[in-house]
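Report on the structure given below.
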Amino acid sequence: MQSNRLEKAIGIAVFGALAASIMFIEIPVGGFLKLDLSDVIVLLAMSIYGVGAGIGVAAMKVVVHFILAGASVGALIGDTAAFISSVAFVVPLYFLFIRHTGNWWERTLAAAIATASLTIIMALLNWAVLVPLYAAVMNFNLGTAMSTYILTVVVPFNLLKGVVLTVVFLPFYKIVPWMIRRRTMVH
């Protein structure tokens with residue numbers, strides 16, 4: 001029992017460090033929005049160790065990223081948004097996709113629901129909190145109406161993010177059963 005907890009803690013720490021490292025590989029998409037693939041690592045951790053571990057890895061990656069990126073107010077806002085977007089995407093995907101084995105159609109539907117969750121939550125969060133906070137802290141003007149920005153930048157970005165994360169995660173998801181079997185054979 002003790003060794004299982006230790007193994008899980010070490011696994012979560014390794015996944016957290018890996019996710020934080022991958023978070024630094026950013027693809028600029030528009031304005032200050034950047035796409036990274038660190039949520040694929042969160043999904044892998046969640047697939048192996050469960051939903052709590054995945055949320056822990058998501059928290060760990062943003063804390064490490066925040067500290068290493070310079071711990072500024074702008075980074076705090078961005079990393080908080082990154083954590084919320086991770087949870088908004090990976091938790092629905094975990095419960096709909098990972099925990100329930102299904103056919104291709106059911107998994108596609110699960111990915112679509114997770115992407116919709118990510119998109120809706122981040123659109124509302126950007127509209128109500130993030131963009132006004134960024135504008136105040138970073139002293140910038142959107143140059144367009146908030147609703148236009150949300151509908152033409154934030155929503156397409158999050159739809160793209162959900163699709164990209166799903167497509168990248170799928171091949172890795174195929175090795176998860178092997179990783180779990182390998183883990184149980186070691187004990």
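The values are calculated or read from the model by the stated rules, or taken from the named source; none is laboratory data. The model shown is predicted, which means the values in this text are computed figures rather than measured ones. Here the Cβ positions follow ideal geometry from the backbone for every residue, glycine too, while neighbour counts run over all protein chains shown.
Here are some notes:
- Taken over region 31-60, the residue count meeting the criterion of being touching a Ser or Thr at 6+ places or on another chain (Cβ under 6 Å) and not acidic (Asp, Glu) is 2.
Table: residues versus (1) under 22 Å from ILE10 (Cα atoms); (2) aromatic (Phe, Trp, Tyr); (3) in contact with a strand residue (DSSP E or B) (Cβ under 6 Å, 6 or more places away or on another chain).
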residue	(1), (2), (3)
PRO28	no, no, yes
LEU43	yes, no, no
GLY56	yes, no, no
ALA59	yes, no, no
ALA82	no, no, no
LEU109	no, no, no
ALA112	no, no, no
LEU118	no, no, no
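- Qualifying residue in region 98-111 (condition: modelled with pLDDT of 90 or more and in a helix (DSSP H, G or I)): no
- Matching option when the condition is of a type outside the set (Lys, Arg), within 14 Å of GLU26 (Cβ to Cβ) and surrounded by fewer than 16 Cβ atoms within 10 Å (Cβ to Cβ), among LEU68, LEU76: LEU68
- Members of region 66-76 found to be of a type outside the set (A, V, I, L, M) and at pLDDT 90 or above, listed by number: PHE66
- Residue within region 78-88 that is over 22 Å from PHE157 (Cβ atoms) and part of a helix (DSSP H, G or I) present: no
- Matching residues in region 1-43 - criterion: being surrounded by 13 or more Cβ atoms within 10 Å (Cβ to Cβ), assigned to a helix (DSSP H, G or I), modelled with pLDDT under 90 and of a type in the set (Gly, Ala, Ser): ALA9, GLY11
- Filter result (outside any loop (DSSP other than H, G, I, E, B) and without any contact (Cβ under 8 Å) to a residue 12 or more places away in the chain) within region 133-146: ALA135, ALA136
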